[in-house]
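Novice: Submitted below is the structure of interest, expressed as structure tokens.
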Amino acid sequence: MSARLVRVCEQIYTGRRRVATGAAAVLAVALGYHVIFGQNGLTAYEQKRQNAVRLDKELGSLRQENDLLKGHVDRLQTDPSAIEHQAREELHYARPGEVIYTLPTTPAQAGSAPVSPPPSN
């Protein structure tokens, strides 16, 4: 009976090692999946990095636009000719003796719309 008991113990030990090895492999695969596709994985990191690059570009363009607007405000506060230009442009002010012609903002294009033939009676 002791030889049989030894053999059973060896089979249990061998099975235990196989189960432990399989569990470790499953754990490693699950951990690898989480590292790549998890909430803070590599794919999320790449998306956040691309978003940060896009926002940096947008921030740069907004800063440039802000600088241009600050320069325009400074000119309007200090330069009388800039004030006059702005008033003439936006409010259509004119000097005495001047005539201002304004054009429509979206001119109608002749011939762009199809012309339907007149009805025949």
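Here is a yes/no grid of residues against (1) part of a helix (DSSP H, G or I); (2) modelled with pLDDT of 90 or more:
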{"site": "Arg54", "(1), (2)": "yes, yes"}
{"site": "Gly60", "(1), (2)": "yes, yes"}
{"site": "His72", "(1), (2)": "yes, yes"}
{"site": "Arg75", "(1), (2)": "yes, yes"}
{"site": "Glu89", "(1), (2)": "yes, no"}
{"site": "Pro96", "(1), (2)": "no, no"}
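Novice: Look at Val26 and say whether it is among the aliphatic types (A, V, I, L, M) and not in a helix (DSSP H, G or I).
Specialist: Values: among the aliphatic types (A, V, I, L, M): yes; not in a helix (DSSP H, G or I): no.
When the stated conditions are applied, Val26 does not pass them.
The values are calculated or read from the model by the stated rules, or taken from the named source; none is laboratory data. For clarity, every value in this text was computed on a predicted model and none was experimentally measured.
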